[in-house]
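One structure is given here, and the rest of the page talks about it.
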Amino acid sequence: MSYLHNTWYVAAWDHEVSHEKPLARKILEEPIVLFRDSMGTPQAIGDRCPHRFASLSKGCVKGNSIQCAYHGLEFDGSGKCTHNPHGKGNIPTQAKVKSYPVVERHSIVWIWMGDPAKADPETIVDYSQSLDPQKRFVAKDYLHARANYQLETDNIMDLSHIEFLHSGSLGSDAVNQAVTEVVQEGRTVFSNRLTQNERLHESLEQRYNIPEGQKVDRWLDVRWDPPANMELWVGIAPAGTPEPRQVGKRIPFNHFFTPETEKTAHYWFATSYPRRMGEAGERRANEDIKYLRGPFEAEDLPMLEAQQKLMGDADFWSLKPILLPGDAAAVRVRRVLDQLIKQEQEAL
């Protein structure tokens, strides 16, 4: 499968990477180990010792390096061997592993899988409105999906599915009447959805403190940036409110997907509340993320994994999928990503 390489992928939440224990993670089919050096800076190198090809992630962090658990060779964040405990300690010329540029920003450890010379941290999308831990209580979680990452993207860009797949939690029978809009700005695609005069499921009424049975106008606006990074703002206002997006309350939900292999993906998701809310904001964030894990894990993942199983090795477009109105944003995203991958390959 072709991937976009010259871009920033999510490699981990910040708390997943520590100085205590290496973190093994496969990204774009490449085995990688992440760790923090003695200054707390995240590092990423290939997870294969060049001696006997042992997994470095099974070793331990020593100062600024990882020590291989098999024969004790140590490698720093640049991939260079820094210590050989055998013989006179001479370090073989080829004792090095691949290293990857990494940046810690917005509660995320980002990794660059392409040409290191092109790794510009300023191209990382600004998620400070939703993920700045200095301003917001951020609740985060992770799931592993046995499905292609673009199927995951389709799922978020076309939220018409919540009426059916999440009928007992996130959806309602008014979802298919939503007013939708797809906007593209450069490489960014927006999918905006407004459902009016909607009765939310009672579990959501309780979460949002809505009186039982009161109708609302609800919007679900998603921003997608390549390769598969999305910020969803969900807002609610009393039904019939003029310009509801201007006056209603809204909550951010982040969805990040990184390919592990052709048929598996990493899935990070989060929500947050302003720190000015105090303990109530922290509690709400933690409760919301726990609530959302239920439908994500028990409903979304089984559906996506079943899709992947039935698709097998076939290319998505080769199966000639029929298209419905709700597919507009997901199709636009696929077209943008396909074009970016094509341009990157042509430039090689």
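Only the coordinates and a few stated rules stand behind these numbers; no lab work does. Owing to the predicted nature of the structure, the values given are computational and were not obtained by experimental measurement. Don't worry about glycine lacking a Cβ; one is built from the backbone with ideal geometry, like all the others, and counts go over all protein chains shown.
Ranked by Cβ crowding within 10 angstrom, fewest neighbours first, how are L73, L323 ordered?
L323, L73
Cross-link candidates for K98: which aspartates and glutamates have Cα within less than 19 Å, leaving aside residues fewer than 8 places away along the same chain?
Of all the aspartates and glutamates, those that pass the test against K98 - Cα under 19 Å, at least 8 places apart if same chain - are E29, E30, D37, D47, E74, D76, D115, D120, E260.
Taking the Cβ of each residue in H71, H83, H106 as the centre, tally the other Cβ atoms inside 10 Å and list the residues starting with the fewest.
The order, fewest Cβ neighbours first, is H71, H83, H106.
Taking the 0 to 90 degree range and rounding to the nearest ten, how far is the long axis of helix 279-295 tilted relative to the main principal axis of the chain, both from C-alpha atoms?
Helix 279-295 sits roughly 90 degrees off the main axis of the chain.
As a test of the formula, what do you get for the chain when each DSSP H run with n ≥ 4 contributes -39,500 (n - 2.57) and the sum is divided by the residue count, at 222 nm and rounded to the nearest 500 deg cm²/dmol?
-6000 deg cm²/dmol
Where does the Debye-calculated log10 I(q)/I(0) of segment 8-123 sit at q = 0.22, 0.24 Å⁻¹, using only Cα point scatterers of equal weight, no solvent?
-1.21, -1.40
Using the scaling law 2.2 N^0.38 Å as the reference, what is the normalised Cα Rg of segment 155-254?
That ratio works out to 1.06.
Determine, for F164, F53, the number of other Cβ atoms within 10 Å of each Cβ, and report the residues in order from fewest to most.
Fewest-to-most Cβ neighbours within 10 Å comes out as F53, F164.
Which loop GluC sites (Glu not before Pro) in segment 1-110, with loop taken from DSSP, have no more than 10 other Cβ atoms within 10 angstrom of their Cβ?
Filter output for segment 1-110: E20.
Quote the Stokes-Einstein diffusion coefficient, in whole µm² s⁻¹, for segment 131-346, based on the Kirkwood radius over alpha carbon pairs, a temperature of 20 °C and a viscosity of 1.002 mPa s.
Stokes-Einstein gives a translational diffusion coefficient of 118 µm²/s.
Magnitude of the Cβ-charge dipole of the chain, K/R +1 and D/E -1, about the Cα centre, nearest 20 debye?
My answer is approximately 940 debye.
Enumerate the lysines that K249 could reach by cross-link, defined here as Cα to Cα under 25 Å, with residues fewer than 8 away along the same chain left out.
Reachable lysines: K135, K140, K215, K290.
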